[in-house]
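Structure first, commentary second.
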Amino acid sequence: MNSTQRLFHTMVMVLGCTLLSSSVNAGKVTRGMMLANSCAACHGTDGKSPGSIPAIYGKPAAYLSETLMDFRDGKRPSTVMGRHAKGYSDEEIKLIADFFAK
Amino acid sequence: MNKLTRRDFIKLSGSLGAYSVWGGLVSSLSACTSKEKPAAHVVIIGGGFGGATCAKYLHRFAPNVSITLIERDKQFVTCPFSNMVLGGLRDMASITHDYKKLASNYAINIVHDAVVAIDPVAKTVTTGGGSIQYDRLVVSPGIDFMWDAVEGYNEVASKTVPHAWKAGSQTLLLRQQLMAMNDGGTVIIAPPKNPFRCPPGPYERVSMMAHYLKHHKPKSKILILDAKDKFSKQSLFMQGWDAVYPGMIEWVKGSSGGIVSRIDVKTNELVNEVGDRFKGDVINLIPPQKAGALAHIAGLTDQTGWCPVNQRTFESKIHKDVHVIGDASMAGKMPKSGFAANSQGKVCAAAIAASLGGYDMPDPSYVNTCYSLVAPDYGISVAAVYKVTDKGIVKVEGSGGVSPMDADATFRKQEAVYGAGWYASITSDAFS
């Protein structure tokens with residue numbers, strides 16, 4: 001192996017290990033993920049709904065939390081969302097909103 | 001040559017020839033992995049809502065974990081929306097899913113084979129094709145039937161009198177029998193005692209069969225011989241039946257003679273506990289249920305016929321490092337539904353990711369929602385949010401409940417639309 005190849009090998013090593021460690025250290029499952037993943041059954045994985053239920057992916061966090069709190073407090077009419085939102089505290093609603101806003 | 005410009009790098013890459021980027025990458029990857037433990041292997045048995053969801057979310061939570069999903073069949077026909085096939089609103093293709101996207105999108109190794117044994121000590125799963133080693137095992141085997149709990153009703157009898165409580169050929173058999181029946185005939189449906197898969201399912205089925213009969217055989221009747229004295233969303237279903245199918249449906253509760261103890265397949269007669277006989281032109285007998293056969297083979301069940309689990313992690317209380325999710329598990333106050341299995345699959349995936357990653361899992365949160373169709377534009381629902389306490393999984397106080405009684409047509413139609421949206425979302429959440 002000549003010096004050029006050695007240098008390239010080192011670069012590939014660094015790149016490879018970086019890629020690998022990024023997947024090894026994929027991050028922990030957070031409470032926000034835990035709460036928000038429940039929503040996916042109706043709103044689609046990551047909130048990307050494929051059907052008639054509104055998509056919630058990428059909506060501003062403030063909008064999502066306000067809407068959920070309004071559903072919960074009966075200020076905004078709904079079919080089922082009021083019944084769901086009543087299951088969450090303010091803090092939990094904020095975690096859910098942050099997850100989908102990311 | 002201490003600095004490389006981008007142009008140099010491209011030139012260099014091109015001139016390296018046999019020393020390919022990929023070859024270098026592979027050797028460098030093996031160089032850094034060799035210092036670490038090999039990736040953990042999680043085997044998941046059963047590719048329904050529980051198992052498929054668990055496999056996908058485990059990959060999302062812990063992409064370094066190697067995942068094998070063992071499922072006997074190449075295609076999965078969902079029980080949810082199979083009632084719409086009976087009503088003529090859907091075809092079988094629209095409720096049939098496969099595993100190709102799970103394999104390609106999440107690097108899940110799909111093995112289509114039948115599991116014949118599990119050894120929780122050696123941590124191996126034996127299939128027809130050989131033996132597979134696991135670090136963690138997830139079992140999502142669904143339900144099986146207590147054959148002969150209704151005298152005379154067994155697997156052979158189900159070939160002529162369908163249960164249609166596992167979707168597929170049984171769904172089509174019941175559909176064909178409804179289509180062959182004469183106008184003015186009687187359909188008898190016999191729902192089982194609790195607990196069983198999909199508590200509102202028999203009553204949505206009544207609704208969808210009534211929808212078909214109303215439009216094609218309007219002089220026909222549906223008789224429900226129920227083992228129970230009450231059922232899920234009962235007031236809402238009954239209000240809907242009165243409004244949409246007046247005079248067509250009769251419900252006999254368990255304590256008024258609804259408990260079926262015997263069937264005579266030759267004469268198409270059901271016999272209740274006090275000896276009354278009921279002759280049907282079409283009979284749909286849904287037998288009492290227990291955890292899927294695999295759970296029994298693997299010794300994961302207790303005297304109830306279901307699987308006791310730690311309701312925070314879904315790890316079996318009987319075998320270490322084996323988790324049981326979905327209908328087969330005893331999940332506190334959660335019903336046995338595809339939605340619940342999907343929710344449990346995610347919690348179980350989080351528990352395994354945390355355990356393998358050496359950290360504490362966050363407190364679990366679970367949800368269930370069941371939409372039912374009374375008619376094509378008439379939907380109703382029941383929902384709840386769940387948490388785990390020292391008493392197991394319980395409903396979060398104040399959450400959930402059923403759709404309001406006496407709602408207007410717009411509300412009912414909206415829930416029918418959302419029901420279809422739910423189906424699109426949950427099947428994509430589980431299978432793609």
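Data table
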read-out: Whole-Å distance, taken between Cα centres, linking the range B:199-276 and the range B:136-150; value: 25 Å
read-out: Partner aspartates and glutamates for B:Lys253 [C-alpha distance under 20 Å; skip if fewer than 8 residues away on the same chain]; value: B:Glu151, B:Glu204, B:Asp226, B:Asp229, B:Asp242, B:Glu269, B:Glu273, B:Asp276
read-out: Charge dipole (debye, nearest 20) of the range B:78-161; +1 at Cβ of Lys and Arg, -1 at Cβ of Asp and Glu; value: 400 debye
read-out: Surface/4 of the Cα convex hull for the range B:180-253, nm²; value: 4.6 nm²
read-out: Convex hull of chain B built on C-alpha atoms - directionally averaged projected area, nm²; value: 27.2 nm²
read-out: Links that overshoot a 19 Å alpha carbon limit, given the list B:Lys333/B:Lys391; B:Lys123/B:Lys320; A:Lys75/B:Lys395; B:Lys233/B:Lys413; value: A:Lys75/B:Lys395
read-out: Packing-based ranking, highest mean first, of B:411-417, B:174-180, A:69-75 given that Cβ atoms within 10 Å are counted; value: B:411-417, B:174-180, A:69-75
read-out: Approximate spin-label separation B:Ala424-A:Glu66, in nm, with each point projected 7 Å along Cα-to-Cβ; value: 2.8 nm
read-out: Charged-residue dipole, Cβ positions (Lys, Arg, Asp, Glu), the protein assembly as shown about Cα centre, Debye nearest 20; value: 1200 debye
read-out: Formal net charge of residues neighbouring B:Tyr99 (Cβ-Cβ distance under 13 Å; K, R +1; D, E -1); value: +1
read-out: Overall dimensions of the range B:63-106 as given by Cα atoms, namely Rg and Dmax in Å; value: 14.0, 45
read-out: Residue mean of other protein chain beta carbons inside 10 Å, B:52-59; value: 1
read-out: Heavy-atom accessible area ranking, 1.4 Å probe, most first, across B:His323, B:His41; value: B:His41, B:His323
read-out: Alpha carbon convex hull of the range B:118-251, projected area averaged over orientations, nm²; value: 11.2 nm²
read-out: Between the range B:404-422 and the range B:371-391, the alpha-carbon center distance in angstrom; value: 12 Å
read-out: Calculated FRET efficiency for the pair B:Ser261/B:Thr124, C-beta based, R₀ 51 Å, to 0.05; value: 0.75
read-out: B:Tyr359 - accessible surface, heavy atoms, 1.4 Å probe, Å² rounded to 10; value: 40 Å²
read-out: Pairwise label distance in nanometres, B:Asn182 with A:Arg76, each label 7 Å out on the Cα-Cβ vector; value: 5.7 nm
read-out: Within chain B: Cβ-based charge dipole about Cα centre, in debye rounded to nearest 20 (Lys, Arg +1; Asp, Glu -1); value: 1020 debye
read-out: B:His296-B:Gln239 FRET efficiency (beta carbon distance; Förster radius 30 Å; 0.05 resolution); value: 0.15
read-out: Computed label-point distance, nm, for sites B:Ser94 and B:Val394 using a 7 Å Cα→Cβ extension; value: 4.2 nm
read-out: At R0 = 51 Å, FRET efficiency that the Cβ-Cβ distance of B:Arg312 and B:Thr160 yields, to 0.05; value: 0.70
read-out: Computed over the protein assembly as shown, the ratio Rg/Rh where both radii use C-alpha atoms and Rh is Kirkwood; value: 1.04
read-out: Burial ranking of peptide ranges B:155-161, B:136-142, B:238-244 (average Cβ count within 10 Å, highest at the top); value: B:136-142, B:238-244, B:155-161
read-out: Out-of-range pairs (alpha-carbon distance over 25 Å; input A:Lys86/B:Lys193; A:Lys28/A:Lys102; A:Lys28/B:Lys100); value: A:Lys86/B:Lys193; A:Lys28/B:Lys100
read-out: B:Arg60 accessible area, 1.4 Å probe, all protein chains in place, Å² to nearest 10; value: 80 Å²
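The values are calculated or read from the model by the stated rules, or taken from the named source; none is laboratory data. Only a predicted model underlies this, so the values are computations on that prediction, with no experimental measurement involved. Glycine gets a Cβ as well: all are built from the backbone with ideal geometry, and neighbour counts include every protein chain shown. Keep in mind that these areas ignore ligands, DNA and RNA; they rest on the heavy atoms of the full protein, side chains included. Shrake-Rupley method; radii C 1.70, N 1.55, O 1.52, S 1.80 Å.
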